[in-house]
Amino acid sequence: MIQAAVKWLAESQHKATHEEGKSKLRWLQQYLRGRPLEAIDRELIAAVGEAKAQQSSPATANRHLALIRAILRKAVYEWEWIDKAPRVKLYREAKRRIRWITPEQAKQLLAKLPEHQRDVVLFALATGLRQSECIVRRYAHLAPVQLVQRAEVVSRLLDGNNCGTAKKGRRAKY
């Protein structure tokens with residue numbers, strides 16, 4: 001399995017999820033290290049999934065199982081290292097509705113946060129961006145004029161603690 005993981009990582013360097021894949025493979029090592037691909041069967045995969053589901057959520061376990069499945073499928077169909085990959089059964093995930101925070105909940109949240117976290121949360125509330133989009137944002141694809149325009153919009157949103165919901169175009173005062 002180690003050779004397959006190394007090859008997978010080499011071929012997935014261009015993917016945005018490459019670092020997440022590395023992290024998942026580090027966790028999976030405790031179960032799959034030293035095993036030849038042919039020795040990875042449904043029972044072992046189910047045991048790995050169960051262990052991860054007990055540590056975290058079924059959705060997280062599914063992401064680990066999906067990585068195992070992807071590597072095994074590449075080993076069969078692309079690399080031709082094995083003849084057949086075992087079926088990987090995923091956990092049922094709850095279909096969750098998108099949850100919105102009310103202005104009152106936003107006020108309570110901002111009041112309870114430490115000072116150093118308020119600006120990031122306020123920015124996220126104002127823009128609708130996810131945490132990773134707020135903190136690790138790359139603007140290499142934008143021209144300098146676009147960067148200045150975006151900075152002006154963000155500064156207008158943050159002035160006086162005004163937060164807007166960009167998707168609906170309405171503004172709320174928090």
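The values are calculated or read from the model by the stated rules, or taken from the named source; none is laboratory data. Being a predicted model, the structure only gives us computed values, none of them experimental. Note: ideal-geometry Cβ built from the backbone for every residue, glycine included; neighbour counts use all protein chains shown.
Quick rundown of the values:
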item: Close pairs from segment 45-71: first in the same structural domain as R26 (by TED's automatic domain parsing) and within 13 Å of S23 (Cβ to Cβ), partner surrounded by 15 or more Cβ atoms within 10 Å (Cβ to Cβ) and aliphatic (A, V, I, L, M), Cβ under 9 Å, at least 6 apart; result: K52/L28; K52/A61; K52/L65; T60/A53; H64/L28; H64/V48; L67/L25; L67/L28
item: Enumerated helices (runs of 4 or more DSSP H) restricted to segment 1-112, each holding at least 1 residues that are of a type outside the set (D, E) and under 22 Å from the mean Cα position of the chain (by Cα); result: 2-11, 18-32, 42-55, 58-77
item: Conditions (1) modelled with pLDDT of 70 or more; (2) in a helix (DSSP H, G or I); (3) among the hydrophobic types (A, V, I, L, M, F, W, C): number failed by L157; result: (1)
